[in-house]
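The values are calculated or read from the model by the stated rules, or taken from the named source; none is laboratory data. Note that the structure is a prediction, hence the values are computed from the model and not measured. Note: ideal-geometry Cβ built from the backbone for every residue, glycine included; neighbour counts use all protein chains shown. Surface accessibility is based on the protein's heavy atoms, side chains included, excluding ligands, DNA and RNA. Shrake-Rupley method; radii C 1.70, N 1.55, O 1.52, S 1.80 Å.
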Amino acid sequence: MRWFMLVLGALVVLASCSGRVRSDARSRYNHGIDLMAEGELDRAESAFLDARSGAGADQPLRYSAAFNLGMLHTRRADDLEISEPQKALEELANARNWFQDAAGVRSDDEDARANLQIVARKAQVLADQLNQGEKSLEARLDRVIEDERALRDQVRSLMEAVQKAGENADPIGFRDAFAALATSERELMADAGVVSDLAADELAGLDGQDPEQMQQQDKLRQMQLRGLDAYLQNARIAIDDTRRELRKLDGKRSHLRATAALAQLKRAREQLLDPVDALKGVAQDQNELFAHTSARLAHGTKKLVMPGEEPAAERQGEIPAWLEPEHLSERQADAFERTSEILRRFQAASSAPPPTDPNSVDPKTARMLEMAGLAVPFLEGTVDAMEKARDNLASDAMDLALEQENEAMRNLLRAIEHFSDLKNLIELTYGEQQGVLTLLDPERAEANPAAAEMGTEARAEEALKAVRRNVDRASRMQALIAEQRAAAVAQAEQGGDEAKAQAAQTYDLAETHRSAAHGQLSTLLATLESISNGTPLAVDAASPLTTAAEAQKELEELRRIFYTIVEHLKELHRDQGETYDATGELQAKDDLERGEFLPPLAQAQAKHAALGDALANALEQQADAASASEDPQAAQEGEKFAAAAAEVRIALESLRAASRVLSQAEEDAANMSVDLSPATEEQPIALEHIQAAIEILEPPQEQQDQEQQQEQEQQEQEQQEDISKQQAERRLQEIRDREAERQRDREEAQAVEGSGVDKDW
């Protein structure tokens, strides 16, 4: 009773202080309640806003008005969710703000906090639905990146056009072209704004959750979105700067700002990527920078001509207007900063104190932490080389910069390699070992242009380095095989002892071949080190080439265990398709740019041809083995292998023809214009027959079954999301029902007490 009298006394004091203003505010609130019950949401909103604004020190009224504004916007969101989901998301954001306001007035109120959590979760579910597929945050950001890259390339072309017009050319003559690019940049500014809004909506939904109840993946996403927002805002500033420089007809400054915008967009995208995937993106950019630095060195450095000598013939054309030291240095600085950021994350992860309970960390996470620690020294070498390259580029010391860029790339690839899965690690070891055989075998070396230019001692030194890397890789495979063996046996648990034994047998065989390969590689390493130190080999010692070939055989057997021929064919089809696209793009470029990109393209095409030959041989061997069997089913399989082998042999002719065209073009590019169209005519023929071989071994129906299985898994995931959505909606409905019940109680109390306000507290 004493408490009631105190409250009543407080209300009397409040009433005397606020007077008619308070009475009007409560009257407007009561009117809002009636309007909301009648479905007049717009008029109800106006009434609640008036009540909230005029509440003054009336805390109960402030709370009630804010709470019901939250409920009102939630009702609007429900009505709009199907027809206009984007507007529904905006309404949920408004509801979230009002529930936060109500919770701020009454920090101990459970209903406001519960509604805040439910609305935040509902907004996140709706945002996820809106942001699927091509409309997803990641997909939209990828498109902005591609469009900004295309615009930067257009700026480069425009700069070259101005350059070709002559030193006295006035950029005003290109005003329309500059204006068109400025308009495109303004549109990109708007697109980046949409991405920023989507990220902000998703982040707001996560921020509205109770931190103590958030899942770890939600906390990670929250941190990623905050980093994304910071870089995205920097990108928008750089995009706007680019637009202004284009309007000023300043090609150089607009190109630099467009490059800066692209760099910031990439860094924004990398916030949502796995660190290893981010490193792969850096490696791709570093490789492109190496090619452009090589072009600057080849075409931008004048060589002194001694009396009686002819000018250097290899200096072809002018340096592109955009290919300046400042531009190259900024790109290297960007790669340096991106790599440094990832290095800091790895250093923090690897230096963190170990958990008190080792069993609390799953093996996969423990291995990732271990790999991060192993990658740190290579990333430290990467950033050190990148920093030196950046400074050398800024001072136009292209030869020194090129050496440091190459060193950075080597270290970067070694860092990435530590995160490779078993199949990729086997493939890396196998590919490196093929290179070792080329270096050690004089006949193979003579047929390989790069190896042929090296002397015997240089080839031996390179082989020694490669074998050291392979010994390390073969050693690391052991833990991966053991890890996958344990997982496979556990997965086969339901199949009984026979299934478990079969799973174990596969990985035991893999370990046998790995151990044998590691032994041969270790022997080869010791032999090459002895030769390097000048120590004579024992009379009965095997030659390095023989040992290298034995190691290669073991790696081939290891490779067969984990790679099916169909997988290799699909990989060949994918890689050849990319090379075909790259060849077509290069055909459309001028001679200067062709000279830059032809060497890696020719090497890729030669690699495709070599793989095609190996696959054809493997298919023929399997066909022969199946034909020798008395089992009718095996004979039928043999016919499939033979038919697939025939298709690959036909494809191989085109693969080799395209390889010859590109290799010859690489040789001729320094002295004459080259035509790549013969290669682009052969490449699609090869693709057609490779696809035919795939369909023979894996008929379309089997592929369709796999696609249906993937679709079914996706549907199951969507059903789980629907269940979560229904749970959230059910919880929100419970709050609404409780609110309606309180409303009825208030009306009954009002009828009894004659109160002048519907108290919603």
For this session: Output the residues belonging to region 195-232 that are open to solvent by less than 50 Å² (accessible area, probe 1.4 Å), among the small types (Gly, Ala, Ser) and under 24 Å from the mean Cα position of the chain (by Cα).
Result: Ser196, Ala199, Ala204, Gly205, Gly227
Exercise. Do we find a residue being outside any helix (DSSP H, G or I) and free of Cβ contacts under 8 Å to residues at least 12 places away in the same chain anywhere in region 507-515?
Worked result: no
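Scanning for something closer than 18 Å to Lys266 by Cα and among the aromatic types (Phe, Trp, Tyr), does region 226-233 turn up at least one residue?
Within region 226-233, one or more residues are closer than 18 Å to Lys266 by Cα and among the aromatic types (Phe, Trp, Tyr).
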Problem set entry | Among residues of region 554-577, those that are buried (at least 19 other Cβ atoms within 10 Å of the Cβ) and in contact with a Phe, Trp or Tyr (Cβ under 6 Å, 6 or more places away or on another chain), counted | 1
Problem set entry | Extreme residue, nearest to Glu585 (Cα to Cα), among residues of region 141-184 that are free of Cβ contacts under 8 Å to residues at least 12 places away in the same chain and hydroxyl-bearing (Ser, Thr, Tyr) | Ser157
Exercise. Which one is nearest to the chain's Cα centre (by Cα) among residues in region 252-281 that are open to solvent by 40 Å² or more (accessible area, probe 1.4 Å) and closer than 25 Å to Leu586 by Cα?
Worked result: Lys280
For this session: Filter region 456-484 down to the residues that are over 16 Å from Gln433 (Cα atoms) and without any contact (Cβ under 8 Å) to a residue 24 or more places away in the chain, then identify the one that is least open to solvent (accessible area, probe 1.4 Å).
Result: Ala458
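Which of the residues belonging to region 279-318 are modelled with pLDDT of 75 or more and closer than 20 Å to Ala670 by Cβ?
Across region 279-318, the qualifying residues are Phe290, Ala291, His292, Thr293, Ser294, Ala295, Arg296, Leu297, Ala298.
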Seminar exercise, completed: Listed by first then second residue, the pairs whose first member lies in region 674-702 and is farther than 17 Å from Glu571 by Cα, whose partner is assigned to a helix (DSSP H, G or I) and open to solvent by 50 Å² or more (accessible area, probe 1.4 Å), with beta carbons under 7 Å and at least 6 positions apart or on separate chains, are Leu676/Gln587; Ser677/Gln587; Thr680/Tyr580; Thr680/Gln587
For this session: Look at region 418-453 and say how many of its residues are open to solvent by less than 40 Å² (accessible area, probe 1.4 Å) and among the small types (Gly, Ala, Ser).
Result: 5
Exercise. What are the residue pairs meeting all of these: first residue in region 94-108, first residue without any contact (Cβ under 8 Å) to a residue 12 or more places away in the chain, second residue open to solvent by 20 Å² or more (accessible area, probe 1.4 Å), Cβ atoms under 9 Å, and 6 or more apart or on different chains?
Worked result: Ser107/Arg113
For this session: Please go through region 607-640 and pick out each residue that is more than 17 Å from Glu698 (Cβ to Cβ), of a type in the set (D, E, K, R), open to solvent by less than 80 Å² (accessible area, probe 1.4 Å) and assigned to a helix (DSSP H, G or I).
Result: Asp613, Glu620
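The rows are residues; the columns are (1) assigned to a helix (DSSP H, G or I); (2) over 18 Å from Ala112 (Cα atoms); (3) within 50 Å of the chain's Cα centre (by Cα).
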| residue | (1), (2), (3) |
| --- | --- |
| Asn30 | yes, yes, no |
| Ala47 | yes, yes, yes |
| Gly56 | no, yes, no |
| Arg62 | yes, no, yes |
| Phe67 | yes, no, yes |
For this session: Please work out which one of (1) open to solvent by 10 Å² or more (accessible area, probe 1.4 Å); (2) touching a residue at least 40 places away in the same chain (Cβ under 8 Å) is the condition Gln284 fails and give its number.
Result: (2)
Exercise. If Arg244 passes every condition in (1) modelled with pLDDT under 85; (2) open to solvent by 40 Å² or more (accessible area, probe 1.4 Å); (3) of a type in the set (D, E, K, R) but one, which one does it miss?
Worked result: (1)
For this session: Confirm whether Val661 is open to solvent by less than 70 Å² (accessible area, probe 1.4 Å), hydrophobic (A, V, I, L, M, F, W, C) and not in a helix (DSSP H, G or I).
Result: no
Problem set entry | Given (1) loosely packed, with under 15 Cβ neighbours inside 10 Å; (2) without any contact (Cβ under 8 Å) to a residue 60 or more places away in the chain, index of the condition Ala488 fails | (1)
Problem set entry | Scope region 360-388; condition more than 23 Å from the chain's Cα centre (by Cα) and free of Cβ contacts under 8 Å to residues at least 60 places away in the same chain; matching residues | Ser360, Val361, Asp362, Pro377, Gly381, Asp384, Ala385, Glu387, Lys388
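Yes or no: Arg22 open to solvent by 40 Å² or more (accessible area, probe 1.4 Å) and either modelled with pLDDT of 80 or more or not β-branched (Val, Ile, Thr) (or both)? Working first, answer last.
Details: open to solvent by 40 Å² or more (accessible area, probe 1.4 Å): no; either modelled with pLDDT of 80 or more or not β-branched (Val, Ile, Thr) (or both): yes.
No: the conditions fail for Arg22.
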For this session: Would you check which residues across region 521-542 are among the polar types (S, T, N, Q) and open to solvent by 50 Å² or more (accessible area, probe 1.4 Å) and list them?
Result: Thr523, Ser532, Asn533, Thr535
Exercise. Of (1) closer than 21 Å to Leu256 by Cβ; (2) more than 26 Å from the chain's Cα centre (by Cα), Glu187 satisfies all except one. Which?
Worked result: (2)
Seminar exercise, completed: For region 398-417, the count of residues that are among the aliphatic types (A, V, I, L, M), farther than 16 Å from Asp274 by Cα and open to solvent by less than 20 Å² (accessible area, probe 1.4 Å) equals 3
Exercise. Among the residues of region 135-170, how many are open to solvent by less than 50 Å² (accessible area, probe 1.4 Å), over 24 Å from Ile237 (Cα atoms) and either touching a Lys or Arg at 6+ places or on another chain (Cβ under 9 Å) or among the small types (Gly, Ala, Ser) (or both)?
Worked result: 3
